[in-house]
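The values are calculated or read from the model by the stated rules, or taken from the named source; none is laboratory data. The structure displayed is predicted, hence computed values, not measured ones. In this analysis, Cβ positions are derived from the backbone assuming ideal geometry, glycine residues included, and neighbour counts consider all displayed protein chains. The accessibility values were calculated without ligands, DNA or RNA, using every heavy atom of the protein model including side chains. Shrake-Rupley method; radii C 1.70, N 1.55, O 1.52, S 1.80 Å.
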Amino acid sequence: MEQQTGTVTVKRGLAQMLKGGVIMDVVTPEQAVIAQDAGAVAVMALERIPADIRAMGGVARMSNLELIQSIMDAVTIPVMAKVRIGHFAEAQVLQAIGVDFIDESEVLTPADDKYHISKHEYTTPFVCGARDLGEALRRIAEGAAMIRSKGEAGSGNIVEAVRHIRAINDGIRELTVAPKEELVARARDLGAPLELVAYVAEHGKLPVVLFCAGGVSTPADAALMMQLGAEGIFVGSGIFKSNNPKAFSKAIVDATTHFEDPKTVAEVSKALGKDALAMEGIDLRKLPESELLAPRGN
Amino acid sequence: MATKKTIGVLALQGDVGEHLRALERAGANAIAVKTAAQLASVGGLVIPGGESTTVMKLLSRFGLAEPIATRVRAGMPLWGTCMGMIVAAREVADLDQPTLGLIDVTVRRNAFGRQNESAEVDLTIPALGSRPFPAIFIRAPWIERAGPHVEVLAERDGHGVMVREGQVLGTSFHPELTSDDRVHRYFLSMVEQTPTVGNSRDAA
């Protein structure tokens, strides 16, 4: 029987299985179990959630491997972990311990200020952040099996995620109505390979799954992003920086499933109770540019 | 065909769109099912690939577990792919995970390994003819135990990966990720051969 692992189909396929679901940042096995019990489709194993990375400053690296392993042992759902942009040795290590997905993430301090990892060589699939269509297609050209908006991680502020998902989907829409003779010039302007530009023009979608990340803090945030065309949701700090992680995680899962039904989103939001407090947010206009995470990597 | 039944794809989480498109390619009317009202309008149901822990929780939170079980016990054809087969199974090996118990099998989750062991396999399925089926296994389960009335339609490495008991079909792999519609057509023929039952509105 012919068997092939690590193919484009099985790598992109795992992302397809996560659609309509919520992926949650966790820093302990106990949090991973809370996430799984709430109905998360996967967890992102981290030493610190983005809000704390932001607060601590310094260099943020791949997480402790014992911690990642203990989270893999604690749950049956897929486990993702982050590497620094361009740090292919961190990625090799995460593949060696068998994580299910690698996030080459701007949330960590970039290791390479020019190049991302060539992701084709790996059996483990990669997810990467993007702010617009060109950036998304460059990451796919490098081998990403899934794209997420960058948003502004750890900010509790949805505005950047909205901007990025809209920019990606506007870019896709423009290509679908572009005459064929424009595609080469469009590829030049997007900074993306022609064959991917032609794929998007023909199919009206990315060739991989598109999730939202960066700033989701409430059930309504999740419903907003799903209605704007995200195929699923990453929640980083939004759950474990709220005052009731169990309730928020469940409510965000329910709102992601029933995003087009405001009654259900209202019910699950009300069920949070009158004492529910979402994480504190940051007005991004007051942050110095040097503290923004999304511009890392392009 | 005036009597052609509508097929539902359970749309709480997972690769719903891929199944809808594959069913339409195979000639069916297909709709996404998120509510009991939508469930009542279909003559067969597909539970897609996804995360079984997530979908079992959503099924019970939104009151769909019982209606699905009732329809299937009354004869509505059901096909579960990967997660869907786990949800339909009687039990999950070594895990205290609730299931709908609609097919008499014990499944082992992530049986072939984690994502690095996910694979494309040329699978022999005698019921679909001699040409191998391009089976895509993603963190896939296998059949650990099959009850006496369960037919094992395909095996990989000595473990059942495609099973049928009456009107319930299960596959460990994902035909919806390929352009080969033979398993979808096989399920559609199960649906067409089923007399209309329960509260399906497709009788006309």
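One table, with the values for the structure above:
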read-out	value
Size of the A/B contact, given as accessible area buried on both chains, probe 1.4 Å, in Å²	3200
Computed accessible area, residue B:94, all protein chains, 1.4 angstrom probe, square angstrom	130
Selection from B:13, B:42, B:119, by position along the positive dipole direction of segment B:6-202 (Cβ)	B:42
Average accessible surface area per residue within segment A:141-252, 1.4 Å rolling probe, Å²	38
Solvent-accessible area per residue for segment B:5-76 (1.4 angstrom probe, square angstrom)	28
Within the accessible area of the protein assembly as shown (1.4 Å probe), percent carbon and sulfur	51
Heavy atoms of residue A:67 accessible to a 1.4 Å probe, total area in Å² rounded to 10	30
DSSP beta bridges in chain B [antiparallel fraction, %, rounded to 5]	50
Residue (of B:142, B:67, A:28) at the positive-pole extreme of the protein assembly as shown, dipole from beta-carbon charges	B:67
FRET efficiency estimate (nearest 0.05) - Cβ-Cβ, residue A:198 to residue A:37, R0 35 angstrom	0.20
Bridge type composition, the protein assembly as shown - antiparallel percent by DSSP, nearest 5	35
Extension gain from residue B:38 to residue B:182, taking 0.36 nm per residue of separation minus the Cα-Cα distance	49.2 nm
Chain-alone versus full-assembly comparison, segment B:125-155, residues with accessible loss of at least 20 Å² (1.4 Å probe)	B:136, B:138, B:139
Cut-off 18 Å (backbone N to label point 7 Å along Cα→Cβ of residue A:276), residues of segment A:126-167	A:156-158
FRET efficiency estimate (nearest 0.05) - Cβ-Cβ, residue B:127 to residue A:30, R0 35 angstrom	0.15
Heavy-atom accessible area, 1.4 Å probe, ligands and nucleic acids excluded: residues of segment A:31-51 down by at least 20 Å² from chain alone	A:36, A:37, A:39, A:41
Of A:270/B:57; A:114/A:180; A:246/A:270, those spanning more than 23 Å from alpha-carbon to alpha-carbon	A:114/A:180
